[in-house]
Amino acid sequence: MDEMVHIFDHPLIQHKLAILRDENTGVKEFREIVSEIATLMCYEATRDLPTREVEIKTPVATGTFKTLAGKKLAIVPILRAGLGMVDGILTLIPSAKVGHIGLYRDPQTLEPVEYYCKMPSDIAERDVIVLDPMLATGGSASAAIQFIKNYEVKHIKLMNIIAAPEGVERVRKDHPDVAIYCAALDEKLNDHGYIVPGLGDAGDRIFGTK
Ligand code: PRP
Ligand code: URA
């Protein structure tokens, strides 16, 4: 993998991910852990945010300190499963605006089908993090990224909890400018396009719809 693909092998993230993978983990715990992992990943994925020096007077002395600079952020969850990561990101970046893209994967063709889109009006002026727990064939992520690029967004990151090699390859090929952040790179896809070993259907497990 190249320098645009970041896999977080932090012990806390790996421990929580192991619980997510367990088929016996119930909906409440699954939902909470997706959110917690999103927060931990956000901490790492925002490491390159630009800062600027500002002068601040503390009760003791005046000094020069760093604050965030650069463009404001927007996050765009891919519905449904990406919704599970939103609160975890907003814990760290409470002022981020939130766009939504509704895509589902046709179970026969595995092609993404769009059914909803609502972006912040100033999306072109923001840096964007696309959220989806699963990067399988990469069709959904690639379509979502193209959709956001059509709004003239210049800088996009993709955050997934589990990625398959096929999905990473697809996004790297279609969008070489987009950095990918994930907690695990699994082995492969099965014949139904599910990530192996994966965690099953993320949307169903977050929303209890199985
Ligand atoms: C899942 C997942 C991704 C997509 C990944 O969504 O959340 O969006 O599949 O697959 P791909 O990389 O092969 O496109 P799904 O279509 O099951 O919809 P849901 O989130 O509504 O459950
Ligand atoms: N979508 C999921 O939710 N899980 C997979 O393994 C693949 C696609």
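The values are calculated or read from the model by the stated rules, or taken from the named source; none is laboratory data. All figures in this text were calculated on a predicted structure; none of them were measured in a lab. Reconstructed Cβ throughout: ideal geometry from the backbone, glycine too, with neighbour counts over all protein chains shown.
Conditions tested, residue by residue: (1) at pLDDT below 95; (2) more than 9 Å from ligand 2 (Cβ to nearest atom); (3) touching a strand residue (DSSP E or B) at 6+ places or on another chain (Cβ under 7 Å).
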{"position": "Val153", "(1), (2), (3)": "no, yes, yes"}
{"position": "Ile162", "(1), (2), (3)": "no, no, yes"}
{"position": "Pro176", "(1), (2), (3)": "no, yes, no"}
{"position": "Val196", "(1), (2), (3)": "no, no, yes"}
{"position": "Ala202", "(1), (2), (3)": "no, no, yes"}
{"position": "Arg205", "(1), (2), (3)": "no, no, no"}
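Here Leu199 clears all of (1) of a type outside the set (Gly, Ala, Ser); (2) surrounded by fewer than 23 Cβ atoms within 10 Å (Cβ to Cβ); (3) assigned to a loop (DSSP other than H, G, I, E, B) except the condition numbered (2). Scanning region 86-100 for residues that are over 15 Å from Arg126 (Cβ atoms) and either within 16 Å of ligand 1 (Cβ to nearest atom) or among the acidic types (Asp, Glu) (or both) yields Val86, Asp87, Gly88.
Of the candidates Leu90, Leu83, Leu49, Leu79, the single residue that is exposed (fewer than 14 other Cβ atoms within 10 Å of the Cβ) and closer than 30 Å to Ile206 by Cβ is Leu49. Of all the numbered requirements in (1) in contact (Cβ under 8 Å) with a residue 24 or more places away in the chain; (2) out of contact with any Ser or Thr (no Cβ under 8 Å at 6 or more places or on another chain); (3) away from ligand 1 (no atom under 14 Å from the Cβ), Lys72 misses one, and that requirement is (2). Taking Ile33 as meeting all but one of (1) under 21 Å from Lys157 (Cβ atoms); (2) under 17 Å from the mean Cα position of the chain (by Cα); (3) in contact (Cβ under 8 Å) with a residue 12 or more places away in the chain, write down the number of the exception. Going through (1) under 21 Å from Lys157 (Cβ atoms); (2) under 17 Å from the mean Cα position of the chain (by Cα); (3) in contact (Cβ under 8 Å) with a residue 12 or more places away in the chain one by one, Ile33 breaks only (1). Applying the condition of being at pLDDT below 95 and part of a loop (DSSP other than H, G, I, E, B) to region 109-136 and asking which residue is nearest to ligand 1 (Cβ to nearest atom) yields Leu110.
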